[in-house]
Amino acid sequence: MKLYKSVLKKTEEYNYKKGISRISIQSNGYKTCKVLYYLSFIWFMIFHGLYILSNTTAFFFYEAAAKNIHMELFVTSIVVFVAMIVANISVKKNWHIPAFVLTLISGIAQITVLNGNDNISLAFLEHGFMSNKFFWYHHAPIILLSLFTLLMAIIGVTAKVLAKKDYNRTLASMFEAYSSTHENVSDAEWNAYLEELDRELEEKKED
């Protein structure tokens, strides 16, 4: 469905006049979540990238060390690394649901395989949960990434639903006003009228 600029403008004017404040991806709360997401993303990618780099180096150049590589974890880490980059692109494009789903699934996969590694599981038992390096290198950033993409998805989807509701309300009001002076308005005539309003709006901007 095409969104007409003239309708959007009237919607903004109506909300401003009535003192209606809607949640938006321009809000400070959303922007804060996005900044914290990017910080968590950098945190995750640094340690994740170092793990992949060290194991890749061992795999190709050090035969003795290559035997100790946990291949399931190594392969999963590469897949998750790529998936997190795609999720990051989705965040930048404001594709909130794909970003959250990708981040959550990737995070769960990574944590599941990590916890299946005997060395990591043993380290958790010996050093506890919060004092373990694996928690801070992998688990913590994954948890934060999932949390912030969830919050952004909630804000983004809510904002979109409310914006659509406001737009449809304004469109219905404009149609009612137009049809009161134009009987038996066809869809083509109504769309042409909205197109004309958009053209007039653009002309005013140019002036």
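The values are calculated or read from the model by the stated rules, or taken from the named source; none is laboratory data. Note that the structure is predicted; figures quoted are calculated from it, not measured. Methodologically, a virtual Cβ is constructed for each residue, glycine included, from the backbone with ideal geometry; neighbour enumeration extends over all protein chains shown. Side chains included, ligands, DNA and RNA excluded: accessible areas come from the protein's heavy atoms. Shrake-Rupley method; radii C 1.70, N 1.55, O 1.52, S 1.80 Å.
Quick rundown of the values:
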| quantity | calculated |
| --- | --- |
| Single unsatisfied condition, residue 103 versus (1) farther than 15 Å from residue 37 by Cβ; (2) at pLDDT 95 or above | (1) |
| Flag if residue 166 is at pLDDT 90 or above and among the acidic types (Asp, Glu) | yes |
| Residue identified as on the phi < 0 side of the Ramachandran plot and either open to solvent by 80 Å² or more (accessible area, probe 1.4 Å) or within 33 Å of the chain's Cα centre (by Cα) (or both) among 180, 186 | 180 |
| Some residue of the range 129-138 being modelled with pLDDT under 85, open to solvent by less than 40 Å² (accessible area, probe 1.4 Å) and over 19 Å from residue 40 (Cα atoms) | no |
| Residue 39 vs. criteria among the hydrophobic types (A, V, I, L, M, F, W, C), without any contact (Cβ under 8 Å) to a residue 24 or more places away in the chain and either open to solvent by 60 Å² or more (accessible area, probe 1.4 Å) or farther than 30 Å from residue 172 by Cα (or both) | yes |
| Looking only at the range 153-171, and only at residues there that are hydrophobic (A, V, I, L, M, F, W, C) and either in contact with a strand residue (DSSP E or B) (Cβ under 8 Å, 6 or more places away or on another chain) or without any contact (Cβ under 8 Å) to a residue 12 or more places away in the chain (or both), the one that is nearest to residue 99 (Cα to Cα) | 154 |
| Subset tally (residues that are under 22 Å from the mean Cα position of the chain (by Cα) and surrounded by fewer than 17 Cβ atoms within 10 Å (Cβ to Cβ)) for the range 66-90 | 6 |
